Structures are given as C-alpha cells and as structure tokens.
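The values are calculated or read from the model by the stated rules, or taken from the named source; none is laboratory data. These figures come from a predicted structure and were not determined experimentally. Positions of Cβ are generated from backbone atoms using ideal geometry, with glycine treated the same way; all protein chains shown enter the neighbour counts.
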Amino acid sequence: MAFGDNLLQTVTSAQSAIGAAASAVNLAGNLSSAISAGYNSGGVMSAIRSIDLPAAGEAIGDITSAVASFGGDSNSNDWRVRLSLPTWPSFRNSPVLSPLKDAGGLIFPYTPQITMSSKANYTTIPVTHQNHTFRAYQNSEHGEISITAPMNVEDPTQGLYWIAAVHYLRSLTKMFTGNDPKAGNPPPIVMLNGYGNYVFKNVPVVVTNFTTTLDAASDYIGVNVVGSAAGAAAGVADAIGGLAGSLGGAIPGISGITDTVSNLAGGIGQVASLAGSFGIGGTTSGGVTHVPTKSSFTVQLQPMYSRNSMRNFSLDRFVQGGYINNSFGYI
C-alpha cells in the first residue's frame, strides 16, 4: 500500500475518533440539559427523548470531522484568486505539489489584498522661453501585482496545502539549470485568474518575489509529507559524486578512480532527475514537516507578454472587452 494511502487512512481514522469523542461529549451534555429541563418542567422522560433533536434549528452534522477542500468550483462564476500550475511535467507530477494539482492550481483560501497599477510614460520636451512643459508619449507599462494573503492551518490537510504552496512559489523563482533536461530555461510563466473576466482573466505572470514569516508566536502543526523517490536517488548520486571528488584531492594516485565514480554518479543523477520530471520513480517518505497555524504570504507578480502578442494587440478590441475569452488576457 502506498504511503499516501496509509496517510489518508491515518487521517480518516483520527478524524473518526475525534468525531466519536465529540459526539459522546455532545450526547452527555444534551442529556444533562434534558434532565435539568425536564426536572424544571415536570416532564423528565419527554425531555430525555428529545436529546437528539437540534436546538433552535441548528444544523445536524459532525462539524469536528469536516475536512477543508481547496478544490476548484465547476461553476464558471468561481471568482477566487488562483495561480495555475505550469505545464512542465515536473510540476504536474510532483508528489509535494499534488494538493495544488487536485485543487486546480494555487487557490488563495482567504480573500487576499491585491495591489496593481498601470502607467503611461511621457517624455519631457525642453522648449526655450515657454511657461509650460511639452510632453510626448513614450510608452505604457503594467506594474507589478502584489498579493498579500493570509494562510491559516487547522488540520493536516491544510498543512499539506501550505507546504505545497510554499514549495510551488519557491520553485517559480528558480530557473532550469545544472542537470535539468531543460537547462537554460527561465522560471515558468503561470496564469493569474480572479474576481471575474474583467479583473484577472488568464493573465500571464512570473513570480518575482515571495516572502512569508515563520512567526515565533505562532503554534506549529506536524504534517506527514511524501517526496519523490527519483529525487532521493539523485540526492544519493550527488553525495557519492561529492565524496569521490573529496577523496581524489586527498589521496594521490586515486584521481582516475574517483573521476570514474563521479561520472557514474553524475549519470545516475541525470537519469533520476529525468525520471522525476516525468513522474517516474514513485514516492518516498518525506518525514514530518511543521508548519505555522497562522501565517501570511506576500507574492509579487510581473505580467509577461511576448513581442508577438504585443504586435497583435488592439486597443479598440481591449476597450470593447474583446480579450476575455482569449487564451491569455491583457490588463
């Protein structure tokens, strides 16, 4: 049985136990209230028979067993702010990012604060003996989009989502390099959506900055996570290669052997990295990670448009709202 199935069963069992305990406590409390009310009114048996009926029309259900759901809404009116997952296989198949894949991207669970700006630049034209300065239009630019969002954690499901969000945003600030099959590519471009078609609709953006604070005053919750088995193999290969390099410099005459070991380790690392990028190699235990129960994310986004898209841009079409059904949107 996979580690993820074991984790799910453990969480489900824990939730059931908590729910049963809460039900017992509620039943005891209701029974006490019923007996007290029956004694005061003279109808003890009638009061006891009503202990399972919700008071004042309260909803029936075990609230303590509820699990947070970050999944996307099939309704087209879903206006929550979200960032899409890149189309690269390494992002789509990452076991750490699976909560975001299941949700349909990074959805900010609480309403974030968003700051955006648009700017038109005009060049000053100095003219002698004039009371007013002449200005000529130079260009327009869209400034960075700043998102500040609370990220609270109340259970292991939300903890895994918090870990996935941090891992996702840190990954989007790094380029493909080293042993990557796609080495040389810049950080991926993702799509920003939120608040409907006329605010953020498929806006192509890159993450320029991400910050969060692990507050010393916050409580922390331990979460069991999983990692990539292929990634673990690559880490072992890197360790072997580093050890071989150290031995080659310390022991004379062994450089030929250590070079062979280093090359072999490098080959293993490349194969493991390639396998991991396509989701091959399964998962392994990532141990327990502790996450804050209360934190805040600050994400800086920069809209990115290609030269071809700018060449085909039409202001008349933009004013008329003609880009809302486009594969990417303008702001």
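Side notes on the structure shown:
- Matching residues in segment 82-115 - criterion: being part of a helix (DSSP H, G or I) and more than 10 Å from the chain's Cα centre (by Cα): Pro89, Ser90, Phe91, Arg92, Asp102
- Considered as a group, the residues in segment 152-188 that are under 19 Å from Phe108 (Cβ atoms) and of a type in the set (Val, Ile, Thr) include one that is surrounded by the fewest Cβ atoms within 10 Å (Cβ to Cβ), and that residue is Thr173.
- Members of segment 294-331 found to be in contact with a Lys or Arg (Cβ under 7 Å, 6 or more places away or on another chain) and under 19 Å from Val206 (Cα atoms), listed by number: Gly329
- Among (1) polar (S, T, N, Q); (2) out of contact with any strand residue (DSSP E or B) (no Cβ under 8 Å at 6 or more places or on another chain); (3) modelled with pLDDT of 90 or more, the one test that Thr64 misses: (3)
- From the list Gly194, Gly184, the one residue that fits, being in contact with a Ser or Thr (Cβ under 8 Å, 6 or more places away or on another chain) and either in contact (Cβ under 8 Å) with a residue 12 or more places away in the chain or over 24 Å from Ser327 (Cα atoms) (or both), is Gly184.
- Of Ala136, Ala164, all but one fail to be modelled with pLDDT of 90 or more and outside any strand (DSSP E or B); the exception is Ala164.
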